[in-house]
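To keep things clear, I will list the structure first and then write my remarks on it.
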Amino acid sequence: MAVDGIRIRISSPPGGFSIKYETRPLILVSTSGELTQWKLNDGQVFDVSAKASGDAVLITFRAPDNERTTVYRVVGPDFVEETMITSPRLPKPLHYKLTYNEAKC
């Protein structure tokens, strides 16, 4: 899949979920809720957990100063990513939604 030239690869092996954004390290998690550490290119480390919920996968990223929960799901031909970020530095939770169209490679 690609949006504005940015490619992402998604796979769902049994009991797991992986997502690879072109510019970030691979995220590989168990969908049982087990914690995994994930490190961004800038060195920031997150505790990551995932849970399968029907046709969606919920991934939560936790750092000392913020938490981000993203719901990934396929809707028709599109891949939808809905995110909520909470932090003491934000006046209220930040919500956003991205829709990716499948790239024909």
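Quick notes on this structure:
- Residue match in segment 48-70 (condition: over 25 Å from residue 34 (Cα atoms) and among the hydrophobic types (A, V, I, L, M, F, W, C)): no
- Residue 46 meets the stated requirement of being crowded, with 16+ Cβ neighbours inside 10 Å, out of contact with any Pro (no Cβ under 9 Å at 6 or more places or on another chain), farther than 23 Å from residue 101 by Cβ and among the aromatic types (Phe, Trp, Tyr).
- The number of residues in segment 72-95 that are modelled with pLDDT of 95 or more and either aliphatic (A, V, I, L, M) or under 18 Å from residue 19 (Cα atoms) (or both) comes to 6.
- Scanning segment 39-60 for residues that are part of a strand (DSSP E or B) and either of a type in the set (Lys, Arg) or within 16 Å of residue 13 (Cα to Cα) (or both) gives 39, 49, 50, 51, 52, 53, 56, 57, 58, 59.
- First in segment 68-81 and more than 16 Å from residue 93 (Cβ to Cβ), second anywhere and in a loop (DSSP other than H, G, I, E, B), Cβ under 8 Å, 6 or more apart: 73/55; 74/55; 77/102; 78/102; 79/1; 79/102
- The set of residues in segment 41-65 that are touching a strand residue (DSSP E or B) at 6+ places or on another chain (Cβ under 6 Å) and of a type outside the set (D, E, K, R) comprises 45, 46, 48, 49, 50, 56, 57, 58, 59, 60, 61, 63.
- Residue match in segment 16-38 (condition: β-branched (Val, Ile, Thr), assigned to a loop (DSSP other than H, G, I, E, B) and touching a strand residue (DSSP E or B) at 6+ places or on another chain (Cβ under 6 Å)): yes
- Among the residues of segment 61-95, those that are farther than 21 Å from residue 9 by Cβ and either of a type in the set (Gly, Ala, Ser) or part of a strand (DSSP E or B) (or both) comprise 62, 63, 66, 67, 69, 84, 85, 86, 87, 94, 95.
The values are calculated or read from the model by the stated rules, or taken from the named source; none is laboratory data. Keep in mind the model is a prediction, meaning the values are calculated, not measured. FYI the Cβ positions are ideal-geometry reconstructions off the backbone, even for glycines, and counts take in every protein chain you see.
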